[in-house]
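Enquirer: One structure coming up, written as structure tokens, with questions to follow.
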Amino acid sequence: MTGPSGAGRSTAIHALEDIGYEVIDNLPLSLIAHLIDGPTLDHPIALGIDVRNRDFSATALIELIDTLTRDPRVGLELLYLDCAPDTLINRYSQTKRRHPLATGETPAEGISREIDLLQPIRVRADHLIDTTEMSPHDLKAEIHSWFRKGSDGLMAVSVQSFSYKRGLPRGLDMVFDCRFLRNPYWDPALRQKDGRDDEVAAHIIEDPRFVEFIDRVAGLLLMLLPAHLAEGKAHLSIGFGCTGGQHRSVAVAEKLSKVLAEAGWAVSKRHRELERQATNALAAKSG
């Protein structure tokens, strides 16, 4: 895994560690061959590589990639985390950290130099994730959706809620619109609660279309998931959207996650807008 400094490599490394990868960050390129020659592991390895590695060069890394690709013991995948220069500059301004390639210059100059240096590696990437508009939550979810394997060989299923006002989350395989359902937002007693609350869920369930909608979507998913698994798909991401991403989509995502889990699927769930609210509240408190 590599990419420009500030693009989210530390977040991605932690996400891979959470799902069972052995993570080694900033291992010198010259030592990777010794790692491959070592004992065989029962779990995958994630290597974090950046320009601060003491023997780093784009040429050396490309040669290493070519060597490992030819090695029958290795199933190599190159993950590149990309990010727009303006966003990287803003992130460095917020953290007040010094860019590793700009010891006596502005971060913008170091960022430009690093992007140029990594360009030959970027074009070799098997997976490219643009983190420009991603929060740490978003990136972690993206890593999980690409690399998390389901238990007992099952396909990993991700179910998430979102607000249409903020656009569709990246990487969704299927999307269902919940905006036709009864909206708890218009009840002052429920407005500040979310779809995980029993009162909110009960309000939505009272919509005469709710039960048929859940039954039809559940039936569709339970028919499609085995077909996708048979095609060799390792993960499937399902999104439920509503206007604000707080009530209807959350309640439906909770309900369908439970249905799929009870059917034996490895399900993870997340609520994008609720996560953002929690992050913003924490930032305001710490500020």
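For (1) modelled with pLDDT of 90 or more; (2) in the same structural domain as G245 (by TED's automatic domain parsing), each residue gets a yes or a no:
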| site | (1), (2) |
| --- | --- |
| E114 | no, no |
| K140 | no, no |
| L172 | no, yes |
| L190 | yes, yes |
| A201 | yes, yes |
| D207 | yes, yes |
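Enquirer: Can I ask one more? Could you run through region 53-85 and say how many residues are of a type outside the set (G, A, S), without any contact (Cβ under 8 Å) to a residue 60 or more places away in the chain, surrounded by 11 or more Cβ atoms within 10 Å (Cβ to Cβ) and under 22 Å from H99 (Cβ atoms)?
Expert: So the count comes out to 3.
Enquirer: Can you find a residue in region 155-165 that is closer than 30 Å to L68 by Cα, surrounded by 15 or more Cβ atoms within 10 Å (Cβ to Cβ) and either in contact (Cβ under 8 Å) with a residue 24 or more places away in the chain or not assigned by TED's automatic domain parsing to the domain that holds D18 (or both)?
Expert: yes
Enquirer: Could you go through region 131-150 and let me know if any residue there is farther than 30 Å from G6 by Cβ and either touching a strand residue (DSSP E or B) at 6+ places or on another chain (Cβ under 8 Å) or not in a helix (DSSP H, G or I) (or both).
Expert: So far as region 131-150 goes, yes, one or more of its residues are farther than 30 Å from G6 by Cβ and either touching a strand residue (DSSP E or B) at 6+ places or on another chain (Cβ under 8 Å) or not in a helix (DSSP H, G or I) (or both).
Enquirer: What pairs come out if I take residues in region 231-245 that are not assigned by TED's automatic domain parsing to the domain that holds P184 and pair them with residues that are surrounded by fewer than 23 Cβ atoms within 10 Å (Cβ to Cβ) and not in a strand (DSSP E or B) whose C-beta lies under 6 Å away, six or more apart or interchain?
Expert: none
Residue-by-condition table, conditions (1) out of contact with any helix residue (DSSP H, G or I) (no Cβ under 7 Å at 6 or more places or on another chain); (2) on the phi > 0 side of the Ramachandran plot:
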| site | (1), (2) |
| --- | --- |
| R182 | no, no |
| A218 | no, no |
| L222 | yes, no |
| H228 | yes, no |
| G264 | yes, yes |
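Enquirer: Further question on the same structure: What number goes with the only condition from (1) touching a Phe, Trp or Tyr at 6+ places or on another chain (Cβ under 8 Å); (2) β-branched (V, I, T); (3) closer than 30 Å to L78 by Cβ that T131 does not pass?
Expert: (1)
Enquirer: Next up: Based on what the data block shows, is W265 surrounded by 12 or more Cβ atoms within 10 Å (Cβ to Cβ) and outside the structural domain of L128 (by TED's automatic domain parsing)?
Expert: So W265 passes the test.
The values are calculated or read from the model by the stated rules, or taken from the named source; none is laboratory data. All values derive from a computational prediction rather than experimental measurement. Every residue, glycine among them, receives a Cβ derived from its backbone with ideal geometry; neighbour counts consider all protein chains shown.
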